[in-house]
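The values are calculated or read from the model by the stated rules, or taken from the named source; none is laboratory data. Quick caveat, the model's predicted, so the values are computed rather than measured. As a convention, Cβ positions derive from the backbone with ideal geometry for all residues, glycine included, and neighbour counts pool all protein chains shown. What goes into the accessible areas is simple: the full protein's heavy atoms, side chains included, and nothing from ligands, DNA or RNA. Shrake-Rupley method; radii C 1.70, N 1.55, O 1.52, S 1.80 Å.
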Amino acid sequence: MEKKRPISDLQKRIEQLEERKRQILRLAKERERKKRAHRLIQTGALAEKYFELEHLTIPEREELFKIFANYINEKKPDKFKKKE
């Protein structure tokens with residue numbers, strides 16, 4: 001036969017489960033932020049390596065990227081284009 005629990009015990013269990021759900025969501029968001037930060041760092045390192053940007057300031061780098069962005073996006077092979 002099923003054991004009966006007081007409502008307060010069930011409410012406490014519900015609150016515990018909701019808190020656990022919030023923790024899991026926070027961890028997932030944190031993991032995604034870390035993955036994105038890592039990807040951005042790798043991309044920046046590749047940009048410096050291939051475009052010799054070490055001596056440029058951040059505004060100068062942005063200006064350089066703006067100059068070539070349209071050309072690169074137009075000439076990008078299909079396999080590198082964003083899939084929608």
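Does Arg5 satisfy the criteria of being open to solvent by 90 Å² or more (accessible area, probe 1.4 Å) and outside any helix (DSSP H, G or I)? Full working, then the answer.
Numbers: open to solvent by 90 Å² or more (accessible area, probe 1.4 Å): yes; outside any helix (DSSP H, G or I): yes.
So Arg5 fits the description; yes.
Return yes or no: is Ala69 in a helix (DSSP H, G or I) and either touching a residue at least 24 places away in the same chain (Cβ under 8 Å) or in contact with a Lys or Arg (Cβ under 9 Å, 6 or more places away or on another chain) (or both)?
Working: in a helix (DSSP H, G or I): yes; either touching a residue at least 24 places away in the same chain (Cβ under 8 Å) or in contact with a Lys or Arg (Cβ under 9 Å, 6 or more places away or on another chain) (or both): no.
No; evaluated as a whole, the condition is false for this residue.
Output yes when any residue across the range 32-40 is over 10 Å from the mean Cα position of the chain (by Cα) and surrounded by 10 or more Cβ atoms within 10 Å (Cβ to Cβ), and no when none is. Full working, then the answer.
We begin by selecting, within the range 32-40, every residue over 10 Å from the mean Cα position of the chain (by Cα); these are none.
No - not one qualifying residue is present in the range 32-40.
Restricting to the range 72-84, count the residues that are surrounded by fewer than 10 Cβ atoms within 10 Å (Cβ to Cβ), over 23 Å from the mean Cα position of the chain (by Cα) and not in a helix (DSSP H, G or I). Show your work before the answer.
Just the residues of the range 72-84 that are surrounded by fewer than 10 Cβ atoms within 10 Å (Cβ to Cβ), to begin with: 74-75, 77-84.
From the residues that got through so far, the ones that are over 23 Å from the mean Cα position of the chain (by Cα) too are 74-75, 77-78.
In the following step, the residues that additionally are not in a helix (DSSP H, G or I) were identified as 77.
Selection size over the range 72-84: 1.
Taking the options His38, His55, name whichever one is part of a loop (DSSP other than H, G, I, E, B), of a type outside the set (D, E, K, R) and within 30 Å of Phe65 (Cβ to Cβ).
Numbers: His38 fails: part of a loop (DSSP other than H, G, I, E, B).
When all the criteria are applied, what remains is His55.
Given the structure, is Lys29 open to solvent by 100 Å² or more (accessible area, probe 1.4 Å), free of Cβ contacts under 8 Å to residues at least 12 places away in the same chain and more than 18 Å from the chain's Cα centre (by Cα)? So that I can check it myself, show each step before the final result.
On the way: open to solvent by 100 Å² or more (accessible area, probe 1.4 Å): yes; free of Cβ contacts under 8 Å to residues at least 12 places away in the same chain: yes; more than 18 Å from the chain's Cα centre (by Cα): no.
Answer is no for this residue.
Of all residues in the range 42-52, count the ones that are open to solvent by 100 Å² or more (accessible area, probe 1.4 Å) and assigned to a helix (DSSP H, G or I).
Our first condition is that a residue be open to solvent by 100 Å² or more (accessible area, probe 1.4 Å); within the range 42-52, this holds for 49-52.
Within this subset, residues satisfying the condition of being assigned to a helix (DSSP H, G or I) are 49-51.
Of the residues in the range 42-52, 3 are open to solvent by 100 Å² or more (accessible area, probe 1.4 Å) and assigned to a helix (DSSP H, G or I).
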